[in-house]
Amino acid sequence: MPASTLVLGGDLGGTSTRIVIADHEGNVVGRGAAAGGNPTSHPATAAANFGQAVHAALEGIDPAAVKAAVIGTAGGSALGRPDVKAQFDAAWAGAGLTVIPRFIGDLEVAFASGTPEPDGTVLIAGTGSNTGLVRDHELVRTAGGHGWLLGDDGSGFWLGREAMRSVLRAIDLGEPLGVLGEAVVEAVLPDRDPTTSAEREGYDLLRDDLIRTVNARPPVLLAELARPVVAAYEQNDKTAHALVKRAAELLIETVSRLWTTSDNGPLVLAGSVAGESSPVGRLLRQSIHDHFDGEVLTAHDGVGGATWLALGVLDPALATNDNHARLVS
């Protein structure tokens, strides 16, 4: 294999787009980043951001040297639309790349970032939630991932929505808002005079302001209220503790649809809500060990996982444990 042979890995998320170029020994030779490249959440700008990140990663590199490419995206289904695909194809060709990229889901990328094993299960819990069964590095079955309207149980969106519902319930009952409630109000209505909620009339006004403000924003932004839930949990707020516990239970239930004791391979946990620093993630890990046998791992850099998968596309012999460690660490 020529020393100049390269692979490209990509991770198109709602927050950022990241591209990595690596040689056949797993050494990174180029990196690029831009704003969100998820074609579902950023339909107007995703392709342009993708192209920007690709151009940055290829700076000083001959695009013809890239012989394999794997790109993970949480909004991959949108690429099935001809107009969206055409925009991404144009960005790809505009960078001078001739190899045909392989677009895969974020579940496969997350699993590959957590382990070089070919088989196992992966759970993503961030803004949304989803779980998948992986066999020979490919996704063969999923559970959850139904989106904010129909599912995403235990996710950041779920936490935010339930936190807001708890505030509205307290207002309806004329009860004190508590640590979590006050934090939610501050996050949604940062310019509100707190003295207006001191009386029942003020509570009515507060309820109306909260409902009007939340409904005027994209629903998925309720996921931002997961942060107040975590902060209130650390302050021993009773409602926050109940929400965190329930979120972990719901994620366990989602995983249990796929992960049984007969399955071989590890479980990889990915996403901010399932992270080791998250209270939901900590409870999740405790509960998993109570319910299931098997190794539980934490996902690392998604773009590194995609790049390692690209090495395997180029030549299966290159998808080694050593190359995996170099790319995802």
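The values are calculated or read from the model by the stated rules, or taken from the named source; none is laboratory data. Here the structure is a predicted model, which is why all the values come from computation and not from measurement. Backbone-built Cβ (ideal geometry, glycine too); neighbour counts: all protein chains shown.
For the subset of the stretch 1-35 comprising residues that are at pLDDT below 80 and farther than 29 Å from T320 by Cβ, which member is surrounded by the fewest Cβ atoms within 10 Å (Cβ to Cβ)?
The residue in question is T15.
Test of understanding: among A187, A91, A183, A112, which residue is in contact with a helix residue (DSSP H, G or I) (Cβ under 8 Å, 6 or more places away or on another chain) and within 30 Å of T320 (Cα to Cα)?
A112
May I ask you to list the residues in the stretch 93-144 that are among the β-branched types (V, I, T), under 19 Å from the mean Cα position of the chain (by Cα) and assigned to a loop (DSSP other than H, G, I, E, B)?
Matches in the stretch 93-144: T115, T127.
What are the pairs with Cβ atoms under 8 angstrom where one residue, in the stretch 229-245, is within 17 Å of F157 (Cβ to Cβ) and the other, located anywhere, is not in a helix (DSSP H, G or I)? Sequence gap at least six, or different chains.
V230/S278
Would you pick out the residues in the stretch 61-87 that are in a helix (DSSP H, G or I) and within 21 Å of L6 (Cα to Cα)? Before you say what the answer is, go through the steps one by one.
Within the stretch 61-87, the first condition is being in a helix (DSSP H, G or I), and the residues that meet it are 63-65, 76-80, 82-87.
Selection gives P63, A64, A65.
Of all the residues that make up the stretch 212-252, how many are among the charged types (D, E, K, R), out of contact with any helix residue (DSSP H, G or I) (no Cβ under 8 Å at 6 or more places or on another chain) and not in a helix (DSSP H, G or I)?
1
May I ask you to say which residue of G96, G72, G80 is of a type outside the set (S, T, Y) and either in contact with a Cys (Cβ under 8 Å, 6 or more places away or on another chain) or within 21 Å of G304 (Cβ to Cβ) (or both)?
Of the residues listed, the single one that is of a type outside the set (S, T, Y) and either in contact with a Cys (Cβ under 8 Å, 6 or more places away or on another chain) or within 21 Å of G304 (Cβ to Cβ) (or both) is G72.
For (1) farther than 30 Å from D209 by Cα; (2) buried (at least 23 other Cβ atoms within 10 Å of the Cβ); (3) modelled with pLDDT under 95; (4) not basic (K, R), each residue gets a yes or a no:
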position: L133; (1), (2), (3), (4): yes, no, yes, yes
position: G174; (1), (2), (3), (4): no, no, yes, yes
position: L177; (1), (2), (3), (4): no, no, yes, yes
position: R192; (1), (2), (3), (4): no, no, yes, no
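Would you list the helices (runs of 4 or more DSSP H) that sit entirely within the stretch 278-329 and hold 3 or more residues that are touching a residue at least 60 places away in the same chain (Cβ under 8 Å) and surrounded by fewer than 21 Cβ atoms within 10 Å (Cβ to Cβ)?
Result: 321-328.
Tell me the residue from D172, D204, D191, D209 that is assigned to a loop (DSSP other than H, G, I, E, B) and free of Cβ contacts under 8 Å to residues at least 40 places away in the same chain, please.
On the way: D172 fails: assigned to a loop (DSSP other than H, G, I, E, B); D204 fails: assigned to a loop (DSSP other than H, G, I, E, B); D209 fails: assigned to a loop (DSSP other than H, G, I, E, B).
The unique qualifying residue is D191.
Looking at the stretch 37-60, which of its residues are assigned to a loop (DSSP other than H, G, I, E, B) and under 11 Å from R18 (Cβ atoms)?
G37, the sole residue that qualifies.
Going residue by residue through the stretch 253-263, is there one that turns out to be under 22 Å from the mean Cα position of the chain (by Cα), in a helix (DSSP H, G or I), modelled with pLDDT of 90 or more and not acidic (D, E)?
yes
If G271 satisfies all but one of (1) small (G, A, S); (2) at pLDDT 95 or above; (3) closer than 20 Å to E117 by Cα, what's the number of the condition it fails?
Status for G271: all satisfied but (2).
Anything in the stretch 63-122 that is of a type in the set (S, T, N, Q) and buried (at least 18 other Cβ atoms within 10 Å of the Cβ)? List them, or say none.
T73, Q87, S113, T115, T121
Filtering the stretch 145-169 down to residues that are free of Cβ contacts under 8 Å to residues at least 24 places away in the same chain and part of a helix (DSSP H, G or I), which residue is farthest from P218 (Cα to Cα)?
Residue satisfying both the conditions and the ranking: R169.
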